[in-house]
Amino acid sequence: MTRRQKGQAMAEYVIVCGGLIAALFWGANVECDGSDNTSNKCISKLLSVMHDGYDGYSSSISAVQQYGEYAAKGAYEPTPRTGTGTGGRDSGTGGAIGGGLDPDGLTDVSQVTSADGFSTFGNLQPDGTVLDANGEVIGFYSDADNSFTGTHGNSTSAALNNVVLDEEGNILHLRAVTSCAGLPSPFPRNTYSWAYVSKASSKVFNSLNKNELDIGNLCTQSAFKVVKNGQEQGGRIINSEYFAAVFSVDVSTTALPATGEVVYWPELGICSVMASNWDADIDPDNDKDDDELYAARLALFSDPDRNLGEIDRVDYFNQTAIYGAPTQPNDCPTVNIVSAP
């Protein structure tokens, strides 16, 4: 038992360190440009990122380890698989704790987390109580002011995170159903549907009512959440594209149309989502030099009607560092890069 606990702790340290390294690049890349006059600012920024990031990453990982029988066990990556039919099963809607897992399908759970999403307090019940992994009441959640109040009376800002569990309680992430052409290169690959893939049974379930889904010889790929001004958006990004609608019952016979483009800005360190054809009105042949073209695109980046948000870094970290999804170049799943000349 002691040896296992040490191993778990070591795994946590490794993942936390990985998360901190990612935080250093994400949080400090703009301030740390290597010039002498920014060295003090850079060091201060790094210390701040390390201090702020450790508690969040460690709490997130501990929450996974303490999830009891519902602990995550890894991730599936793009491999051809055949669905198991369209089944008539009703999806589970109760919390896994108290309501139990659906032995033949998926279960929805509402987790109460810290406002930043890093720390998980427990699972929300219909009466507003929050239970830990052992089914014990640890507090109450109020949707009136989005707060969590522990049984000892301490209150803090909170948020709800809807989690999907498979038959054995593994946490699943929404995946894109894509073509398999181009493997192992990820681009270009068309998207035909959205689904969850059980880690326990390898069954595929649609994203709307979570009935079983036959995807034929298609593949599934990790897709990442998007936030704008700190608020989660409904869509997902994958293969340089953004899809605003990710609820589907079946597999489309034609590729789904994207509603946006994923663009990486190296100088800003931002993986952004821009509206489709966001820079179509910029003519590269109108005698503007490279500096002017970059400035024009940078101005469009600041346009709230064209800038639809950016990759959710918490979700990206969870899927890659904790659940094993492949990391992306520049931590941004795109081939579209706009950099200064």
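Give me Val177, Val249, Val197 sorted ascending by neighbouring Cβ count inside 10 Å, so fewest comes first.
Working: Val177 27, Val249 12, Val197 23.
The most exposed by this proxy come first: Val249, Val197, Val177.
What's the local net charge at Gly122, with K and R +1, D and E -1, over the other residues with C-beta under 12 Å away? List each step's numbers first, then the result.
Numbers: positive: none; negative: Asp132, Glu136.
That works out to -2.
For every other residue with a beta carbon closer than 13 angstrom to the beta carbon of Asn229, add +1 if it is Lys or Arg and -1 if Asp or Glu, then tell me the sum. Write out the running numbers ahead of the final one.
Working: positive: Lys228; negative: Glu232, Glu310, Asp312.
Once all neighbours under 13 Å are counted, the net charge is -2.
Arrange Leu213, Leu208, Leu256 by Cβ neighbour counts within 10 Å, fewest through most, would you?
On the way: Leu213 26, Leu208 15, Leu256 20.
Going from sparsest to densest Cβ surroundings: Leu208, Leu256, Leu213.
Between beta-carbons, use under 12 Å as the cut-off and find the net charge around Ala299, counting Lys and Arg +1, Asp and Glu -1. Walk me through the numbers before you get to the answer.
Values: positive: Arg297, Arg306; negative: Asp279, Asp281, Glu292, Asp303.
With Lys, Arg at +1 and Asp, Glu at -1, the net is -2.
Under a 5 Å amide H to amide H cut-off, with H placed in plane at 1.01 Å, what residues pair with Ala200 once short-range neighbours are removed?
Amide H neighbours of Ala200, under 5 Å, 5+ apart: Glu167, Glu168.
Only the coordinates and a few stated rules stand behind these numbers; no lab work does. This one's a predicted model, so the numbers in the text were calculated from it and none came from an experiment. For neighbour counting, all protein chains shown are included, and Cβ atoms are generated from backbone atoms with ideal geometry for every residue, glycine included.
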